[in-house]
Amino acid sequence: MLDGCTPWPEEFAERYRSAGHWRDETLGELLAARARSHPDKLALVAGAHRWSYAELDSRADRMAARLREIGIGSGDRVVVQLPNVPELVALLFALFRIGALPVMALPAHRGSEIAYFCEFTEAAAYVIPDVHAGFDYRDLAADVAARVPTLKHVLVAGDPGGFTRLDYADAGAAGLPRPDPGGVALFLLSGGTTGVPKLVPRAHQEWSYSGRAVAEACDYGEETVHLVSLPLCHNWPLTHGLLATFHAAGTLVLAPGPSPDETFPLIEREGVTETGLIPGAALLWMEAAEWDEYDLSSLRRVTIGGSKLQNELARRVQPALGCRLQQAFGMAEGLCGFHRWDDPEDVVLVSQGLPVSPDDEVRVVDEDDRDVTPGEVGQLLARGPYTVRGYYRAPEHNARTFTADGYYRTGDLVRLLPTGHVVFEGRVKDQINRGAEKIAAEEVENHLLAHPAVREVALVGLPDEVLGERACACVVPRGTPPALGDLTAFLRERGVAAFKFPDRLEIVQELPVTPLGKVSKKALAGMFS
Ligand code: AMP
């Protein structure tokens, strides 16, 4: 495995191979296999593009050839920051085929995050759209390229300006060395709790297995038409949308965003059967479905996850959208769970899903890592055939975040139903879940501490009906207290993604502390909720 990554101990690897979870197939070969078995089947719909499996396969090959021509090769890290455009899918498979490693940035990231990803991974290339949602990514790339001298290529999907166009060669790449199926295929971003986002190395065979296990848990088949309207670069749409759908030889439909205007016409036109939504978007869909005239009857099921779906909202989904509700949970580090089709309604309404693999191992533990009494709340620990054993190049963090016997400490407080379904009850990690975008409080606090009017600061999550949580900055000022606009302007200037900006500012004389002297975020949240 790549330097800086933690392999599975051989006894576990052997177990996962002999169970048939890990197969001798790379992600590039998965697409090639679909192109052989279902060449004319519609694989991808995005904008005006409709690509069959054969067409997508050939595009991935020709893009791989083009990337090789310009000098990108095996092991090179490529920071990918593309919205839901078809080139993103071709690019991912092109990179998998040449053994280059995508680092999956979000379209919302800005200079602070992107420069860090490029530097930390010593990226050879950075791939952007030209302009998206009114923002010119070429300006961002110019800034990043000036700060990161090792970055050799900026590739643009669209008008390249002064950079290079993300393009296809006339013919596919021949004679490519085969990437190791057990080796790293890509890096996902961890929501994280520390000053900088952590990178999660996902290997071909285990990540591919997570998609296959999701496809099985969700009974996907050739008739599946899955709509992705969240940013595809997140782990959840990638596994539940792209990988599970391609395993089943179904059709993946990309929407630019989750609003009913952008998604309802596509559902009607493409006969969408499945989709994943965060609770806030589900609320918008339910409201719009009341008066909207689009035919949504092809929807077999809507899957809601990313942050906790409140019971009251869960109850309204089926009547409002006329299809089944499925809840799901997951994390870039691996473990994910979904409801099964025959789960009883009372379980579907109150829990967030059942792990997808028979070899997922979960424990619920107290502060001393002892298993709680069954049914009690504790921290969820996870280990299994698609849950990583460590972050990339982060030995100290790994020592804290993984147990000696390889369980990932999720930071989530859960309880298990007797059926094994997981109920999310809160978290111990210092993270804010704002509409399923995760904010590491410490990262934002570090930026805000650099503001001259901020003496001390704590970022806390306050409950919000639509987003689940909003971020509130509790500031002990230095001199004249700053205004919220001063802080957000400051963060923007520092190149921080806008979803991390505080929504609210509270000026306090001092930060309350716990008996151990740590800032009590619980007390702060209680003061301002
Ligand atoms: P990410 O790695 O960004 O996908 O974030 C993973 C985290 O999202 C989990 O550790 C949970 O804290 C949270 N999460 C995901 N799905 C759910 C859900 N259905 N309910 C509550 N929290 C969730």
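The values are calculated or read from the model by the stated rules, or taken from the named source; none is laboratory data. Model, not experiment: these values are computed from the prediction. Backbone-built Cβ (ideal geometry, glycine too); neighbour counts: all protein chains shown. Just the protein is used for accessible areas: all its heavy atoms, side chains included, with ligands, DNA and RNA removed. Shrake-Rupley method; radii C 1.70, N 1.55, O 1.52, S 1.80 Å.
Could you list, in sequence order, the residues of the stretch 255-275 that are open to solvent by 10 Å² or more (accessible area, probe 1.4 Å) and not β-branched (V, I, T)?
P256, P258, S259, P260, D261, E262, P265, L266, E268, R269, E270, G271
Got at least one residue in the stretch 71-85 being at positive phi, open to solvent by 20 Å² or more (accessible area, probe 1.4 Å), outside the structural domain of T273 (by TED's automatic domain parsing) and in contact (Cβ under 8 Å) with a residue 40 or more places away in the chain?
Yes, the stretch 71-85 has at least one match.
Name every residue in the stretch 171-196 that is open to solvent by less than 30 Å² (accessible area, probe 1.4 Å), part of a loop (DSSP other than H, G, I, E, B), at pLDDT 85 or above and touching a helix residue (DSSP H, G or I) at 6+ places or on another chain (Cβ under 8 Å), in order of residue number.
P179, P181, G182, G183
Suppose the filter is away from the ligand (no atom under 16 Å from the Cβ), open to solvent by less than 10 Å² (accessible area, probe 1.4 Å) and either out of contact with any Lys or Arg (no Cβ under 8 Å at 6 or more places or on another chain) or assigned to a strand (DSSP E or B) (or both); does H226 pass it? If you could, list the steps in order and put the result at the bottom.
Working: away from the ligand (no atom under 16 Å from the Cβ): yes; open to solvent by less than 10 Å² (accessible area, probe 1.4 Å): yes; either out of contact with any Lys or Arg (no Cβ under 8 Å at 6 or more places or on another chain) or assigned to a strand (DSSP E or B) (or both): yes.
Criteria met by H226.
Do any residues in the stretch 99-118 that are closer than 21 Å to G75 by Cβ have Cβ atoms under 6 Å from those of residues that are surrounded by fewer than 24 Cβ atoms within 10 Å (Cβ to Cβ) and of a type in the set (S, T, Y), where the two are at least six apart or on different chains, and which pairs are they?
Filtered contacts from the stretch 99-118: G99/S74; V103/T121.
Return the pair list, or none, for Cβ contacts closer than 8 Å from residues in the stretch 405-420 that are within 22 Å of A332 (Cβ to Cβ) to residues that are hydroxyl-bearing (S, T, Y), at least 6 apart or on different chains.
So the pair list comes out as Y408/T387; Y408/T401; R409/T401; R409/T403; G411/T193.
For residues that are among the basic types (K, R) and touching a helix residue (DSSP H, G or I) at 6+ places or on another chain (Cβ under 7 Å), tally how many sit in the stretch 49-78.
3
So which strands (runs of 3 or more DSSP E) are wholly in the stretch 405-451 and hold at least 3 residues that are within 14 Å of the ligand (Cβ to nearest atom), within 20 Å of the chain's Cα centre (by Cα) and buried (at least 20 other Cβ atoms within 10 Å of the Cβ)?
Because the criterion is at least 3 residues that are within 14 Å of the ligand (Cβ to nearest atom), within 20 Å of the chain's Cα centre (by Cα) and buried (at least 20 other Cβ atoms within 10 Å of the Cβ), the strands (runs of 3 or more DSSP E) in the stretch 405-451 that meet it are 408-416, 431-434, 437-440.
Considering only the stretch 78-133, how many residues are charged (D, E, K, R), under 18 Å from the mean Cα position of the chain (by Cα) and not in a loop (DSSP other than H, G, I, E, B)? Can you show your working first?
Taking the stretch 78-133 first, the residues charged (D, E, K, R) are 87, 97, 110, 113, 119, 122, 130.
From what is left, the residues that are under 18 Å from the mean Cα position of the chain (by Cα) are 110, 113.
Those still in the list that are not in a loop (DSSP other than H, G, I, E, B) too: 113.
Final tally of qualifying residues: 1.
Does G330 qualify as being within 15 Å of the ligand (Cβ to nearest atom), touching a residue at least 24 places away in the same chain (Cβ under 8 Å) and not hydrophobic (A, V, I, L, M, F, W, C)? Lay out the reasoning, then the answer.
Details: within 15 Å of the ligand (Cβ to nearest atom): yes; touching a residue at least 24 places away in the same chain (Cβ under 8 Å): yes; not hydrophobic (A, V, I, L, M, F, W, C): yes.
Taking the combined requirement at face value, the residue satisfies it.
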